[in-house]
């Protein structure tokens, strides 16, 4: 599978689903990320808790470089891609778990390109939050590069 134009992570996921590469629960693990503890325990939690979406977060010094999560009452309330002002120091790590590819496609069809000209993963996941689906998270312990 090739994404001919750089149209964002959500677009790459859409292409993979559309071309038949994904037809069951899946993990998107961005190739420029390394987690010291790996993702095994997160896969287990995603499966056990039956999350619709499961994201990994890490505290960062410069949140403007990342998509960030706003947590309220122990739940993901909002995701913002590269915020211009401080709203949270919890950055999306670049590892995303999704239960239902059909729901991901439904969410993708509602997206418009961002100011960066990309279909943002934050907006894709926000659709799940806004529509009452279960979006769980964990804060990564150990290092993340």
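Here, each number is a calculation from the coordinates, and none is a lab measurement. Nothing here was measured: the structure is a model prediction, and the numbers come from that model. Please note: Cβ atoms are built from the backbone with ideal geometry, for glycine as well, and neighbour counts cover all protein chains shown.
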statement: Note: the stretch 74-145, point scatterers on Cα, Debye, no solvent; log10 I/I(0) at q = 0.18, 0.28 Å⁻¹ equals -0.81, -1.52
statement: For 38-47, 128-137, ranked highest to lowest by mean beta-carbon neighbours within 10 Å, the order is 128-137, 38-47
Relative exposure of 81, 120, judged by other C-beta atoms within 10 Å (fewest first): 81, 120
task: Within the stretch 88-131, which residues have the backbone N less than 20 Å from the label spot 7 Å out from residue 6 along Cα→beta-carbon, could you tell me?
output: 92-95, 112-124
field: Per-selection metrics, the chain (Cα): Rg and Dmax in Å
entry: 14.4, 41
query: For residue 133 and residue 45 in one chain, what is 0.36 nm times their gap in residues minus the Cα-Cα distance, to one decimal in nm?
result: 30.0 nm
- request: Using Cα pairs closer than 8 Å and at least 6 residues apart in sequence, work out the relative contact order for the chain, in percent.
  value: 36 percent
